[in-house]
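What follows is calculated from the coordinates using simple rules that are stated; it is not laboratory data. The structure displayed is predicted, hence computed values, not measured ones. Positions of Cβ are generated from backbone atoms using ideal geometry, with glycine treated the same way; all protein chains shown enter the neighbour counts.
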Amino acid sequence: MNEKFVIAIDGPAASGKSTTAKQLAIKLKYIYIDTGAMYRASGLCTLLQNISLDDKIALKEMLDKISIRIEYAEEGNRIYLNTEDVSERIREADITKLSSQIAVIEIVRNKMVELQRKMGEDGGVIMDGRDIGTVVFPNADFKFFMIADVRTRALRRWNEAKDNGEVIPLEDIKEELIWRDKNDTTREISPLKQADDAIPIDTSKMTIEEQVEMIYSIIKRGLNA
Ligand code: CDP
Ligand code: CDP
């Protein structure tokens, strides 16, 4: 596949976006861009610089200077905030919540969307997030909207935590997902929602291999049509 398409994958947390996007990027030799990591890095930046989310002047100054870089690495992309590698720190629970809180702010979204459009302007990218098919690249060549029931998603995150040696009650994870789903779908600007022309994929009962294969075959079919 030599064409340089833009592939958008949106959906709620733990629906399988990043796992799928990473594997597809390898298959297609495309660049994978995790836009959630960018909201996470912006949230972390406010913590490091002691900026309140209500202080729009300080926030604007921070955004004018912010540098967020995604660097390819075989074992998983690394995320740099200014010059610091924050790949692990941004996955911690306080930043997960903060990322959803900062993501409602218009000046933050405008900045992230600007950076994302620049990253994807030459095509050959798979971008995952919440508003890629609706706002960032409304003309994306392929749009997918992944979903899964909340219990399945909570179990997936519980398993991930267990693999990292953490024991978190399943109910706490479920509550956090429900809170974030609500915050992300009800915000005024660019809420999480399926684009009219996106293909929905329910991964609740799928293996990772099945979901990657399903999307890959849709892309191949689309190219041959
Ligand atoms: O990117 P997103 O938050 O949508 O989800 P993910 O990080 O790709 O997937 C969340 C977790 O579920 C990962 O640990 C995946 O390995 C796992 N997963 C799964 O167990 N079965 C699937 N069919 C899809 C994902
Ligand atoms: O990995 P997980 O699915 O748990 O979350 P994420 O994709 O890293 O996104 C973290 C938060 O950033 C989400 O809950 C959204 O509030 C926000 N986000 C967004 O608003 N728009 C995007 N394109 C990506 C993420």
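Towards the positive end of the charge dipole of the stretch 6-220, with charges on Cβ (+1 Lys, Arg; -1 Asp, Glu), say which of 144, 52, 67 has the farthest Cα.
144
Would you be so kind as to identify which of 108, 5, 186 lies farthest towards the positive end of the dipole of the chain, taking Lys and Arg as +1 and Asp and Glu as -1 on Cβ and the Cα centre as origin?
Final value for the positive-end residue is 5.
Kindly write out, for the stretch 190-202 in residue order, the coupling ³J(HN,Hα) from the Karplus curve 6.51 cos²θ - 1.76 cosθ + 1.60 (θ = phi - 60°), rounded to whole Hz, with x marking Gly and Pro.
Whole-Hz 3J(HN,Hα) from phi for the stretch 190-202: 6, x, 5, 7, 6, 5, 4, 9, 8, 8, x, 10, 8.
Please compute the length gained on full extension between residue 85 and residue 50, using 0.36 nm multiplied by the number of residues separating them and subtracting their Cα-Cα distance.
10.7 nm
List 144, 5, 137 from most exposed to least, where exposure is judged by having the fewest other Cβ atoms within 10 Å.
5, 137, 144
Give the shape of the stretch 124-175 as rounded, prolate or oblate, defined through the alpha-carbon gyration tensor: a ≥ b ≥ c are the square roots of its eigenvalues, a/c under 1.5 means rounded, and otherwise the shape is prolate if a/b is larger than b/c and oblate if not.
Prolate, since a/c reaches 1.5 and a/b exceeds b/c.
Remind me, relative contact order of the chain in percent, using alpha carbon pairs under 8 angstrom and six or more residues apart?
Taking the mean separation of contacting Cα pairs over the length of the chain, I get 33 percent.
Rounded to the nearest 20 Debye, what is the dipole magnitude of the stretch 6-220 about its Cα centre when Lys and Arg each give +1 and Asp and Glu each give -1 at the C-beta?
200
Would you mind working out the magnitude of the charge dipole of the stretch 27-106 relative to its Cα centre, with +1 at each Lys and Arg C-beta and -1 at each Asp and Glu C-beta, to the nearest 20 Debye?
240
Starting from the Cα gyration tensor of the chain, take the square roots of the eigenvalues, sort them a ≥ b ≥ c, and report rounded, prolate or oblate (rounded when a/c is under 1.5, otherwise prolate if a/b is larger than b/c, else oblate).
It comes out oblate by the Cα gyration axes.
What is the set of long-range amide H partners of residue 31 at a cut-off below 5 Å, with H atoms built 1.01 Å from backbone N?
HN-HN under 5 Å from residue 31: 125, 126.
Per Stokes-Einstein, at 10 °C and 1.306 mPa s, what whole-number D in µm² s⁻¹ belongs to the stretch 21-115, with the Kirkwood radius over Cα pairs as the hydrodynamic radius?
Calculated translational D: 115 µm²/s.
With the dipole of the stretch 6-220 worked out from charges on the C-beta (+1 for Lys and Arg, -1 for Asp and Glu) around the Cα centre, which of 127, 167, 43 lies farthest toward the positive end?
Final value for the positive-end residue is 127.
Please grab the % of Cα pairs in the stretch 119-225 that end up more than 17 Å from each other.
64
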